[in-house]
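The values are calculated or read from the model by the stated rules, or taken from the named source; none is laboratory data. Keep in mind that what you see is a predicted model, and the values were worked out from it rather than measured. We place every Cβ from the backbone using ideal geometry, glycine too, and count neighbours over all the protein chains shown.
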2 protein chains.
Amino acid sequence: MDISKILDYIHQLPEQSKLALQNNVTEIAFAKGHILLKANKVESNIYFIKKGLVRAYVERDNEVTFWFGKEGETIISMKSYVEDQPGYETIELLEDCELYELKTENLRKLFNEDVHIANWGRKFAEKELIKTEERLISKQFKNASERYLELMKDHPELLQRVQLGHIASYLGITQVSLSRIRAELK
Amino acid sequence: MDISKILDYIHQLPEQSKLALQNNVTEIAFAKGHILLKANKVESNIYFIKKGLVRAYVERDNEVTFWFGKEGETIISMKSYVEDQPGYETIELLEDCELYELKTENLRKLFNEDVHIANWGRKFAEKELIKTEERLISKQFKNASERYLELMKDHPELLQRVQLGHIASYLGITQVSLSRIRAELK
DNA sequence: GAAAAAAATTAACAAATGATAAAAAATGAA
DNA sequence: TTCATTTTTTATCATTTGTTAATTTTTTTC
C-alpha cells in the first residue's frame, strides 16, 4: 500500500498537507526477524507499513504480544510519541517488510504548523483508541474461545500469516490452551 | 476542579484558545443514579467532570464496567465523538455530579479553526490511548489478584467511592471472586 | 432505632485455563 | 530428499475463576 493511500486511509487530507507529510517520509526495508524498535528506549521515528507484517510485544516472564500490524498500518511507540518517554513495546518483523519512515520531530513540527495535519493526527489517535477500547471490552466479557472466533472472523488472514504461539499470546492465553480450543471447535 | 484547570490538565493551551473552548461550555448538575448517556444512541455532547464520579458500562448478559471517571476527567461516547455512530457505552452517575457540557458540533468547529485546539484534542486522544493500552496489557499478563493490587495502588480512592460489584466488573472478574481475593490478602 | 433492602462474604462444587512433558507434524537447511 | 529444528497437538494434573446459594454486614428508609 503506497504512502498516499495510507495517509488518506487514516483520515482524508487536503493535497497540500498530504504532500507536506510525504516529503518527510523515506522508504526503508528490513528482513523478517529484525527488531525494529526496542522496549525501554525513546524512539524517534514512526513507520507506516507498505508491505509485510509485524508484532508488538511486552517482555515479562514470557513475551506478551498485544498488537499485529500489517499493510497500511502505523508502527508507533506510543510512550515515545506521546510523552517522549521510553516505550514498553518491542516491535519484531514477522515477514520481510517495506516501510515508510517519518521522524517524530518532523511530524511534531507539522502538527504545529498545519491544522489539517493536526486533525489528521487526532483522528489517528482516536481511531486507535476505539480499537483498543473494543479489544479491552472484548477481553472483559468473552472467554478465550469466543475471542478466538472473533479474531478468525475479523482477521482471518492473521491465522495464515502468524504462528499460533503469537496468536495465543495476543488472545491472552497459552499456546496449549489455544490448541485445545482449536481441537474442540473441529 | 474548574474548567480552566481541566482543559490545561489535558494539555496546556494558549489563553485565547482556552477562552474559545470555555465560551462553549455550560454548567449542569445531575443526581446520583442519573443515566447521562445511553448506549446505542449518537451523543451530541461531551462532558468534563467538575465534581463527582461516574462509570461507563456495556450491557450484555450482565453489565461490564470498563471505565470510571472522576473530577477532572472527560466523559465521551467515543463512537459518537469519533465516528458519529451510536456508542456502545452507558454512563451512570455513581455520585451527585457537577459537569461542564460541550456540544460536539461546536468542538468540531473549533478543531478546524484553531491548530492549538486541534493539537489539544490530539493530545487528549493520545493520552487516553496509552491508558487504555496499558490496561489491556495488564489484563493480558496479570491475574485477578495482581490487577486488584494494581488498582489499589494506582486508584485507592476508587475503593472508597465505588461498590465492589463495579470494581470486580472493571477488573474482569465476578464479585464473588473479588471477595475471595480480598479474603486471601488479609 | 427497627425493619427492609442492598451489598459483601463465605462455602461447595463446576468449568476454564495453566503448567509440564511427551508425541506428532510442519518447516528449514544441508 | 533427509536430518535437525521449530511449531503444534495431545494428555495429565494443578490452579484459578465461575456459579449458585446461603449467611453476614452495611446502608437506607420509615
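Overview of values
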read-out	value
Restricting the stretch B:115-136 to residues that are more than 7 Å from chain A (Cβ to nearest Cβ) and modelled with pLDDT under 95, the residue that is farthest from residue B:149 (Cα to Cα)	B:131
Among the candidates B:112, B:106, residue that is within 13 Å of chain A (Cβ to nearest Cβ) and either away from DNA strand C (no atom under 13 Å from the Cβ) or among the aromatic types (Phe, Trp, Tyr) (or both)	B:112
Index of the failed condition, residue A:179 passing every other in (1) within 9 Å of DNA strand D (Cβ to nearest atom); (2) not in a helix (DSSP H, G or I)	(2)
Subset of the stretch A:34-58 that is without any contact (Cβ under 8 Å) to a residue 60 or more places away in the chain and within 14 Å of chain B (Cβ to nearest Cβ) - its residue that is surrounded by the most Cβ atoms within 10 Å (Cβ to Cβ)	A:56
Flag if residue B:84 is more than 15 Å from DNA strand D (Cβ to nearest atom) and at pLDDT below 95	yes
Scan of the stretch B:7-41 for residues that are among the hydroxyl-bearing types (Ser, Thr, Tyr), more than 18 Å from the chain's Cα centre (by Cα) and under 19 Å from residue B:125 (Cα atoms), ordered by number	B:17
Selection within the stretch A:77-101 - buried (at least 22 other Cβ atoms within 10 Å of the Cβ) and out of contact with any Gly (no Cβ under 9 Å at 6 or more places or on another chain)	A:87, A:89, A:100
Hits in the stretch B:144-160 (condition: within 12 Å of DNA strand C (Cβ to nearest atom) and surrounded by 14 or more Cβ atoms within 10 Å (Cβ to Cβ))	B:144, B:148, B:158, B:159
Complete set of residues in the stretch B:59-84 that are within 10 Å of another protein chain (Cβ to nearest Cβ) and assigned to a loop (DSSP other than H, G, I, E, B)	B:60, B:61, B:62, B:76
Any hit, the stretch A:150-158, residues being outside any helix (DSSP H, G or I), away from DNA strand D (no atom under 11 Å from the Cβ) and without any contact (Cβ under 8 Å) to a residue 24 or more places away in the chain	no
Which numbered condition residue B:139 fails, given (1) within 9 Å of chain A (Cβ to nearest Cβ); (2) more than 16 Å from DNA strand C (Cβ to nearest atom); (3) part of a helix (DSSP H, G or I)	(2)
Failed item, numbered, when residue B:171 is tested on (1) more than 7 Å from chain A (Cβ to nearest Cβ); (2) away from DNA strand D (no atom under 16 Å from the Cβ); (3) within 22 Å of the chain's Cα centre (by Cα); (4) crowded, with 16+ Cβ neighbours inside 10 Å	(2)
Tabulated pairs, the stretch A:163-183, first free of Cβ contacts under 8 Å to residues at least 12 places away in the same chain and closer than 15 Å to residue A:142 by Cα, second more than 6 Å from DNA strand D (Cβ to nearest atom) and polar (S, T, N, Q), C-beta under 9 angstrom, 6+ apart or interchain	A:168/A:65; A:168/A:174; A:168/A:177
Answer residue from the stretch A:21-33, given it is among the aliphatic types (A, V, I, L, M) and within 12 Å of residue A:3 (Cα to Cα) and is surrounded by the fewest Cβ atoms within 10 Å (Cβ to Cβ) among those	A:25
Among (1) of a type in the set (Asp, Glu); (2) more than 16 Å from DNA strand D (Cβ to nearest atom); (3) within 24 Å of residue A:82 (Cα to Cα), the one test that residue B:101 misses	(3)
Number of the condition not met by residue A:101 [criteria: (1) part of a helix (DSSP H, G or I); (2) more than 8 Å from every other protein chain (Cβ to nearest Cβ)]	(1)
Total residues in the stretch A:107-161, condition touching a Ser or Thr at 6+ places or on another chain (Cβ under 8 Å), more than 26 Å from residue B:56 (Cβ to Cβ) and aromatic (Phe, Trp, Tyr)	1
